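The values are calculated or read from the model by the stated rules, or taken from the named source; none is laboratory data. Predicted model only: the values in this text are computed from it and were never measured. In this analysis, Cβ positions are derived from the backbone assuming ideal geometry, glycine residues included, and neighbour counts consider all displayed protein chains.
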Amino acid sequence: MVTIDHDAVLRARVLLLGSGHPGRAELVGAYRVLAEVSPKAYGPKLVDALLALRHESRDPKVDVALAAEASRAARTLEAGAPDRAERLRRALDAYQASLFALGRRADGHAVCEELAQAGRSEPLAGVLAEEGRFREAAEVDEEAARNGIPEHSFWDVVRRAANLEGAGLHDTASAVFCRLLEETRREAAEQRTALAILTWELVHFSRMRETAGDGVSAAAARREALSVLEELASTGEPRNWSCILGWWKTLFVLSGRAAEPAASPESPMPPFGRERGWSRDVRDGFLGMLPGLEAEAAQLREAGRLPELADVQRRIGIRAAVREGDHPYQFEERLTPYFDEGVTLARRLPADPARLARALTDRSMFLVAARSFEPAHADFAEAVALLHDC
């Protein structure tokens, strides 16, 4: 039997009915008390207030405690309560993110499992991908699709294709991505999406097919991308688009997955193919490799080992894109040095046209993101010619 503190209940009601503006912490305290006596009315308010207070917090341990309490409160809401399912998903999502921020991966994984059962499977697929469990991540994606969760956006399709490709299912991954590409072609023809996005998707598809050993399809995709770039260089985008840097960033970062250490449960890596939704500990660890990579690059430069240096510099550039590749302010000025360095190094390797083609393609797609279409076309045309001659 629950003992009710009637004085506390009275103080809580006075606080809420008063003319002042109580802070979030005061609201949480009041709703805690009132949810005990009137859970139907105040349970939902307690969940919302706890999540709002967590949003203001700057202490990871406080974040976990608030999100855990919000999850417990959300679980106890009546089954028919309005927005119960959405509140539970929001609380569990906040809880798993807070756990991963503290490196508590096992606990975070368990919450992601519960979150998937509550109808939001994307975080679970992301955690599985971080641990290199790509086939399981792909199965989670497929189950979500069977349950009627729509997965037709660029972000959903790229994530799913990346998981399939990580599992070694290259043809299946290409088939999934090809459907996105076909839709993007239609939208670009109707001026419902940017030609830049179509270009990035075509180049990514060419990389997918090259990896699968399908050089014919890869070459065809490159030729189509070059044709789109010719149009961009001649006339520009038919319409002005809001910031679309996230599309470029996601595909560029994904293109570097094979050069990184293999992911495992003991040594997780980013869920390449996602712009957001990286666990905090994984993101911090990935960017935390920068000092070591920069030291390695310095040693390789001193030793004159240019092929390895070119590869390490690309890994450094990918981390720069992760860190700031979707920020439009001085975008071109901040990131140009990474791509220029890649091309400069590759030009010093005349016997390695594939590395030069890769560096030129990287810079071309970056220049498309920067809306410098003429130099982007020149770089990509050179890359296509090099690959044709290989």
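Selection of first residues in the stretch 324-339 that are crowded, with 19+ Cβ neighbours inside 10 Å and of second residues that are acidic (Asp, Glu) and at pLDDT below 95, restricted to Cβ pairs under 8 Å at least 6 apart or on distinct chains, gives the following pairs, ordered by first then second residue: Asp326/Glu275; Leu335/Glu324. When the stretch 271-325 is limited to residues that are of a type in the set (A, V, I, L, M) and out of contact with any helix residue (DSSP H, G or I) (no Cβ under 9 Å at 6 or more places or on another chain), the one that is farthest from Ala94 (Cα to Cα) turns out to be Ala298. Of the residues making up the stretch 347-377, those that are surrounded by fewer than 16 Cβ atoms within 10 Å (Cβ to Cβ) and in a helix (DSSP H, G or I) are Arg347, Ala354, Glu374, Pro375.
Residues in the stretch 205-232 that are of a type in the set (Lys, Arg) and touching a residue at least 60 places away in the same chain (Cβ under 8 Å): Arg222, Arg223. The condition (being more than 23 Å from Val368 (Cβ to Cβ), without any contact (Cβ under 8 Å) to a residue 60 or more places away in the chain and buried (at least 17 other Cβ atoms within 10 Å of the Cβ)) is satisfied by just one residue among Asp141, Asp171: Asp141.
Would you mind stating whether Gly43 is surrounded by 13 or more Cβ atoms within 10 Å (Cβ to Cβ), outside any helix (DSSP H, G or I) and modelled with pLDDT of 85 or more? No, not satisfied. With the structure loaded, tell me whether Arg207 is of a type in the set (Lys, Arg), assigned to a helix (DSSP H, G or I) and over 17 Å from the mean Cα position of the chain (by Cα) or whether it fails that test. So Arg207 passes the test.
For the stretch 280-310, which residues satisfy the criterion of being within 28 Å of Ala125 (Cβ to Cβ) and touching a Leu at 6+ places or on another chain (Cβ under 9 Å)? Scanning the stretch 280-310 gives Arg280, Asp281.
Let's see how each residue does on (1) assigned by TED's automatic domain parsing to the domain that holds Ala370; (2) under 16 Å from Ala221 (Cα atoms); (3) out of contact with any Gly (no Cβ under 9 Å at 6 or more places or on another chain):
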{"site": "Gly166", "(1), (2), (3)": "yes, no, no"}
{"site": "Ala173", "(1), (2), (3)": "yes, yes, no"}
{"site": "Cys178", "(1), (2), (3)": "yes, yes, yes"}
{"site": "Leu181", "(1), (2), (3)": "yes, yes, yes"}
{"site": "Arg185", "(1), (2), (3)": "yes, yes, yes"}
{"site": "Gln191", "(1), (2), (3)": "yes, no, yes"}
{"site": "Ala194", "(1), (2), (3)": "yes, no, yes"}
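For the stretch 2-24, a residue qualifies if it is at pLDDT below 70 and within 42 Å of the chain's Cα centre (by Cα), and exactly one does: Gly20.
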